[in-house]
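Step one of this worksheet: look at the structure below.
The values are calculated or read from the model by the stated rules, or taken from the named source; none is laboratory data. Just so we're clear, the structure is a prediction, and the values are computed from it rather than from any experiment. Glycine gets a Cβ as well: all are built from the backbone with ideal geometry, and neighbour counts include every protein chain shown.
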Amino acid sequence: MAQSEDSTSMWPNGTELDFGYFESRGVERFDTLVLRNVTEESFIIENIRSSCGCTAVDWPREPIDPRAEVAIPVAFRCIKAGYVEKHLDVYLSHLDKRERIYVIADCPAR
């Protein structure tokens with residue numbers, strides 16, 4: 001996992017979103033990813049790429065000031081049956097590498 005040195009403090013709620021068990025497929029749930037600017041400079045979220053079409057993210061386009069936190073809404077739709085582990089790759093303007101956030105859920109067979 002290629003995380004920055006400040007990953008623990010940058011992601012105060014961790015780098016995993018657990019959407020839990022779904023009673024049926026086709027259902028969408030929402031969670032919030034929290035990002036904290038632990039640097040002395042403002043930065044922006046350049047992009048967030050999902051590894052699948054079942055996860056949607058709407059991130060803020062404004063600069064994130066030092067010591068500020070932003071809430072990033074994440075939606076997950078249970079489509080495939082079984083245990084699901086996907087990821088979001090987060091690209092920040094001040095880092096040369098991506099930050100990886102894991103999205104997990106358990107979807108029923110039918």
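Descriptive notes on the structure:
- Selection count where residues are modelled with pLDDT of 95 or more and surrounded by 14 or more Cβ atoms within 10 Å (Cβ to Cβ), scope segment 23-37: 6
- Some residue of segment 39-48 being acidic (Asp, Glu) and more than 17 Å from the chain's Cα centre (by Cα): yes
- Filtered by the rule that a residue be in contact with a strand residue (DSSP E or B) (Cβ under 8 Å, 6 or more places away or on another chain) and exposed (fewer than 14 other Cβ atoms within 10 Å of the Cβ), segment 38-51 gives 47, 49.
- So residue 89, is it surrounded by 14 or more Cβ atoms within 10 Å (Cβ to Cβ) and among the acidic types (Asp, Glu): yes
- Residue tally, condition part of a strand (DSSP E or B) and acidic (Asp, Glu), over segment 54-110: 5
- Scanning segment 30-53 for residues that are in contact with a helix residue (DSSP H, G or I) (Cβ under 9 Å, 6 or more places away or on another chain) and part of a strand (DSSP E or B) gives 35, 36.
- Restricting attention to segment 66-86, the residues that are surrounded by fewer than 14 Cβ atoms within 10 Å (Cβ to Cβ), touching a strand residue (DSSP E or B) at 6+ places or on another chain (Cβ under 6 Å) and small (Gly, Ala, Ser) total 2.
Per-residue answers, yes or no, for (1) touching a Pro at 6+ places or on another chain (Cβ under 9 Å); (2) closer than 13 Å to residue 99 by Cα; (3) touching a residue at least 12 places away in the same chain (Cβ under 8 Å):
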residue: 11; (1), (2), (3): no, yes, yes
residue: 26; (1), (2), (3): no, no, yes
residue: 30; (1), (2), (3): yes, no, yes
residue: 59; (1), (2), (3): yes, no, yes
residue: 63; (1), (2), (3): no, no, yes
